[in-house]
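Trainee: Mind having a look at this structure? Questions to follow.
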Amino acid sequence: MTRADIKERVDKIIEENKVAVFSKSYCPYCMKAKKLLQNNYSDVQTTVLELDTENDGAQIQDYLQEKSGQRTVPNIFIGQKHIGGSSDLADLENEGKLKALMA
Ligand SMILES: N[C@@H](CCC(=O)N[C@@H](CS)C(=O)NCC(=O)O)C(=O)O
């Protein structure tokens, strides 16, 4: 896949879903974030892409770094806005701010 293809694919995932989580299946921070979303916001349209099971996972991670300035996973977008990682998501929830972002 070319960089343009990668960009189109990633941007489309972010655009078409309320919540987009770029994850790795073995990553404990990713598991924590996915669990929070599943437990508290299972009704919100969410897509998870496991980069370690994707042929183009490394290129997707490169593009995410370019787009968001963040290389680590999970890399989370809500309502097309870059939220950050697992601790950022948990902070928003603990501060009572996540619900409004999910609406
Ligand atoms: N503070 C971050 C930590 C995330 C983190 O360290 N993720 C690891 C995987 S568990 C990572 O992205 N490592 C680099 C990589 O997989 O390329 C968060 O809360 O999301």
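Bear in mind that the values in this text are calculations on the coordinates, not laboratory data. Computed from a prediction, not measured in an experiment: that's the story for all the values here. In this analysis, Cβ positions are derived from the backbone assuming ideal geometry, glycine residues included, and neighbour counts consider all displayed protein chains.
Trainee: Can you give the Kirkwood hydrodynamic radius for the chain, in Å, rounded to one decimal and based on Cα pairs?
Mentor: On the way: mean 1/r = 0.0735 Å⁻¹.
One decimal place: 13.6 Å for the Kirkwood radius.
Trainee: Moving on. Report the Stokes-Einstein translational diffusion coefficient (µm² s⁻¹, integer) for the range 52-97, Rh taken as the Kirkwood radius over Cα pairs, at 25 °C with viscosity 0.890 mPa s.
Mentor: Translational D for this selection: 215 µm²/s.
Trainee: Using the basic label-point model (7 angstrom from Cα toward the beta carbon), what is the Glu8 to Asp56 distance in nanometres?
Mentor: A separation of 0.9 nm, rounded to one decimal place.
Trainee: Something else about it: Let me check I've understood the local charge: for Leu89, count other residues with C-beta under 13 angstrom from its C-beta, Lys and Arg +1, Asp and Glu -1. What total comes out?
Mentor: Summing Lys and Arg as +1 and Asp and Glu as -1 gives +2.
Trainee: What distance in nm separates the two pseudo spin-label positions at Leu36 and Lys97, each 7 Å out from Cα along the beta-carbon direction?
Mentor: Modelled inter-label distance: 1.2 nm.
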